[in-house]
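To keep things clear, I will list the structure first and then write my remarks on it.
What follows draws every value from the coordinates through simple rules; no lab data is involved. Because the structure is a prediction, the values reported are computed rather than measured. Every residue, glycine as well, gets a Cβ built from its backbone with ideal geometry; the counts of neighbours run over all protein chains shown.
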Amino acid sequence: MNFKIINLFLLAFIFVACGNEQAKQGTNKASKNTAPTEQKAKTKKEKTILFFGNSLTAAYGLDPSKGFVSLIQQRLDSLGLPYRAVNAGLSGETTAGGKERLAWVLRQPVDIFVLELGGNDGLRGIEPASSFENLDAIITAVKTKYPQAKIILAGMEAPPNMGERFTSQFREMYPKLAKKHGTALIPFFLENIAGIPELNQKDRVHPNEKGQLILVENVWRVLGGLLEEG
């Protein structure tokens, strides 16, 4: 009887020892398998593209998933590019409002900054010289906090009813700012969209879903050249 008990203890001990050895081998195998994945994750650190603008960036009147920022994120994902597109659009925002809001937005890291402001200034008849100063201050602040960040300035047009002098000065401020700061420039953000009823919502100002698809291409023509793999 004693021999039987001793044998049972021996068998139990062997079983536990084997189980521990298998678990140890399994852990080692898992470590070996996950190491490349962890290294890959470290190599491809996610970068941030911050879209800072007004209702055009915020995709006013649409589900945000149908807006150009979300559509650009989908394209980035499909291409396997390690970027996160952040929508910092606020409906009704002017260049002055954007300047005041900027510090809060810049609390997060920024690798590419897309500046889309000025449209509401044009609609309200704010002097282009004032808008220029505000946009200039925004770009300067971004460059100061994130010297390595790439900046894209989205050009806009003022309504023709504002007069030739106003519309001309308004149009010219974007390339002037781009030249001064060495930023990339989208000549006209709403190119091939503005004034085309079937590409805009009923207000004739904000792009509809079809218009958003064109916005993606307008932005991507400039943005695509600034992206890096890994």
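Values for this structure:
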{"item": "Three-way shape call for region 130-230 based on the alpha-carbon gyration tensor, with the a/c threshold at 1.5", "result": "oblate"}
{"item": "Theoretical gain in end-to-end length, THR48 to GLU100 [0.36 nm per residue, Cα-Cα removed]", "result": "16.6 nm"}
{"item": "Approximate spin-label separation SER168-ASP203, in nm, with each point projected 7 Å along Cα-to-Cβ", "result": "3.1 nm"}
{"item": "Distance violations [Cα-Cα > 22 Å] among LYS66/LYS179; LYS150/LYS179; LYS99/LYS202; LYS45/LYS66; LYS66/LYS99; LYS66/LYS145", "result": "LYS66/LYS179; LYS99/LYS202; LYS45/LYS66; LYS66/LYS99; LYS66/LYS145"}
{"item": "Stretchable slack from LEU79 to GLU133, in nm (0.36 nm times residue separation minus alpha-carbon distance)", "result": "15.7 nm"}
{"item": "Likely footprinting exposure, GLU133, GLU93, fewest C-beta neighbours within 10 Å first", "result": "GLU133, GLU93"}
{"item": "Set of aspartates and glutamates near LYS180 by C-alpha distance (under 16 Å), chain-local residues within fewer than 8 positions excluded", "result": "GLU133, ASP136, GLU172"}
{"item": "Neighbourhood charge, 12 Å Cβ-Cβ cut-off, centred on THR183 and excluding it, Lys, Arg +1 and Asp, Glu -1", "result": "+4"}
{"item": "Proportion of all alpha-carbon pairs of region 46-226 beyond 28 Å (%)", "result": "17 percent"}
{"item": "Charge context of GLY118, other residues only, Cβ under 14 angstrom, K/R +1, D/E -1", "result": "-4"}
{"item": "Net charge contributed by nearby residues that have their C-beta within less than 9 Å of ALA158 (K/R +1, D/E -1)", "result": "-1"}
